[in-house]
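Structure record follows, encoded as structure tokens.
The values are calculated or read from the model by the stated rules, or taken from the named source; none is laboratory data. Remember, it's a predicted structure, so these values are computed and weren't measured experimentally. No Cβ is skipped: glycine too gets one built from the backbone with ideal geometry, and neighbour counts run over all protein chains shown. Heads up: the accessible areas ignore ligands, DNA and RNA and are worked out on the full protein's heavy atoms, side chains in. Shrake-Rupley method; radii C 1.70, N 1.55, O 1.52, S 1.80 Å.
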Amino acid sequence: MNYSVFYSTLADLILILHTAFIAFVVIGLLLILLGGALTWRWVRHRLFRIVHLIAIGIVVVQSWLGLVCPLTIWEMSLREKAGQVTYSESFIAHWLHEIIYFQAPEWVFTLSYTLFAGLVLLSWIWIPPIKHANETH
């Protein structure tokens, strides 16, 4: 069995999961704000909102503690086992650099995550979640 391909495939799957997580957090807030303006009831679904809040909360706590995301660590470990090139900074910092050549100190990313989490919290005030589908706001 070619373990290099196996480890590379696992790393790619983690990268896809990581990207989906980020998309959920970012696009989720955009949809909540848009849905609030357009009175979409599903953006007020309490479970969706709780999961969304927990997701950004995890990112913020990790950044405050100076921890690298476990998904990044896991992906890089698998890439190393596959004999591939790895990166040393956080997942977000790496891909922002790759996509738009953006470089900033780690505190900029921590501040960005914190401000984004503040917007998520404010969305609970602006567009409060509901417990049940038949409940009105």
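Here's the yes/no breakdown for (1) over 14 Å from residue 114 (Cα atoms); (2) out of contact with any strand residue (DSSP E or B) (no Cβ under 8 Å at 6 or more places or on another chain); (3) touching a residue at least 40 places away in the same chain (Cβ under 8 Å):
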| site | (1), (2), (3) |
| --- | --- |
| 30 | yes, yes, no |
| 43 | yes, yes, yes |
| 49 | yes, yes, yes |
| 55 | no, yes, no |
| 58 | no, yes, no |
Region 101-118 - residue that is modelled with pLDDT of 95 or more and surrounded by 14 or more Cβ atoms within 10 Å (Cβ to Cβ) and, of those, farthest from residue 26 (Cα to Cα): 114
Matching residues, region 35-64, being open to solvent by less than 40 Å² (accessible area, probe 1.4 Å), farther than 14 Å from residue 111 by Cα and not basic (Lys, Arg): 35, 36, 43, 52, 55
Every residue from region 23-64 that is assigned to a loop (DSSP other than H, G, I, E, B) and out of contact with any helix residue (DSSP H, G or I) (no Cβ under 9 Å at 6 or more places or on another chain): 38, 39
Within region 65-84, considering residues that are open to solvent by 40 Å² or more (accessible area, probe 1.4 Å) and not in a loop (DSSP other than H, G, I, E, B), the one nearest to residue 114 (Cα to Cα): 70
